[in-house]
Amino acid sequence: MLGGMEVLVRPDPALWLFLPPRRRRARFAVPYDGEASLGHVVRAIGVPPTEIGPPVVDGRPCGTGRRLADGSVVDLAPPDRPQPLPDGARFLLDVHLGSLARRLRLLGVDTAYDTHAEDAELVERAGRERRVLLTQDRGLLMRRALWAGAYVRGHGADAQQADVLDRFAPPLAPWTRCTACNGELVDVPKEEVVGLLEPGTRRCYDRFVRCRSCGRVYWRGAHGRGLDAIVEDAVRAVR
Ligand SMILES: [Zn+2]
């Protein structure tokens with residue numbers, strides 16, 4: 001502690017979930033050493049840098065690299081929605097978001113997902129493939145090497161899907177991606193797949209698509225019931 005300096009933080013209530021209970025309030029003071037950058041202060045109170053819009057210090061927009069003055073007032077708010085994406089709507093989901101990954105693929109959003117990736121691999125891959133890392137792990141979002149990321153709000157795939165669509169409003173192209181591997185689906189003549197089909201399917205369906213990457217064949221009836229409703233809700237949400 002150098003001379004008891006401090007700064008006053010005023011977090012938007014939408015950021016309170018990242019704060020310890022004693023700091024879930026309109027304003028609180030934090031000790032400041034006179035050296036640390038604004039970005040460091042934000043991390044130190046527990047807010048991932050991906051989860052704030054441009055900070056405002058003493059009423060003026062301020063880069064996160066800047067140092068603060070004793071007694072500065074720091075206003076923090078989430079990014080505007082929809083948040084522009086740095087390089088198109090391409091996502092990488094962490095290992096706990098498998099249901100959300102399948103949902104986004106169903107909607108045609110380019111979504112990489114691997115059940116076994118370690119944290120460091122996720123961060124590296126996000127940068128290499130220019131994907132926004134979606135996670136509920138704040139520690140991942142705190143990593144300095146992370147190219148782009150976002151905290152997914154909500155429990156369960158419905159709420160998480162709604163949050164991602166609301167935050168990024170990605171262009172949707174339902175029924176164009178393989179939910180198993182994210183590959184592109186292309187039309188395939190019935191003759192080519194007829195040998196793979198159960199007799200009932202052979203009788204009832206005429207239009208088929210196949211995944212370019214893994215070869216999986218889909219027809220509308222192959223999707224569980226309720227997926228049409230998911231797609232309709234999503235399309236309505238981003239309209
Ligand atoms: Zn596939």
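See the values below:
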item	result
Residue satisfying condition, being assigned by TED's automatic domain parsing to the domain that holds Ala145 and either acidic (Asp, Glu) or more than 24 Å from the chain's Cα centre (by Cα) (or both), within set Asp33, Asp94	Asp94
Arg236, sole failed condition from (1) within 16 Å of the ligand (Cβ to nearest atom); (2) loosely packed, with under 14 Cβ neighbours inside 10 Å	(1)
Odd one out for Trp16, checked against (1) in contact with a strand residue (DSSP E or B) (Cβ under 8 Å, 6 or more places away or on another chain); (2) under 22 Å from Met142 (Cα atoms)	(1)
From the options Leu85, Leu100, residue that is more than 13 Å from Val41 (Cβ to Cβ), among the aliphatic types (A, V, I, L, M) and at pLDDT below 95	Leu85
Filter pass, Val193 being without any contact (Cβ under 8 Å) to a residue 40 or more places away in the chain, surrounded by 17 or more Cβ atoms within 10 Å (Cβ to Cβ) and touching a strand residue (DSSP E or B) at 6+ places or on another chain (Cβ under 7 Å)	yes
Single residue of Ala169, Ala173 found to be within 16 Å of the ligand (Cβ to nearest atom) and over 19 Å from His96 (Cβ atoms)	Ala173
Matching residues in segment 74-119 - criterion: being in contact with an Asp or Glu (Cβ under 9 Å, 6 or more places away or on another chain), among the basic types (Lys, Arg) and outside any loop (DSSP other than H, G, I, E, B)	Arg90, Arg103
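Let's see how each residue does on (1) surrounded by 17 or more Cβ atoms within 10 Å (Cβ to Cβ); (2) within 25 Å of the chain's Cα centre (by Cα); (3) of a type in the set (Lys, Arg):
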{"site": "Gln160", "(1), (2), (3)": "yes, yes, no"}
{"site": "Ala180", "(1), (2), (3)": "no, yes, no"}
{"site": "Arg202", "(1), (2), (3)": "no, no, yes"}
{"site": "Gly215", "(1), (2), (3)": "no, no, no"}
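So that you can scan it fast, the table gives a plain yes or no per residue for (1) away from the ligand (no atom under 16 Å from the Cβ); (2) assigned by TED's automatic domain parsing to the domain that holds Arg103; (3) at pLDDT 95 or above:
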| position | (1), (2), (3) |
| --- | --- |
| Gln160 | yes, yes, yes |
| Val193 | no, yes, no |
| Leu196 | no, yes, no |
| Asp206 | yes, yes, no |
| Ser213 | no, yes, yes |
| Gly221 | yes, yes, no |
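The values are calculated or read from the model by the stated rules, or taken from the named source; none is laboratory data. Being a predicted model, the structure only gives us computed values, none of them experimental. Backbone-built Cβ (ideal geometry, glycine too); neighbour counts: all protein chains shown.
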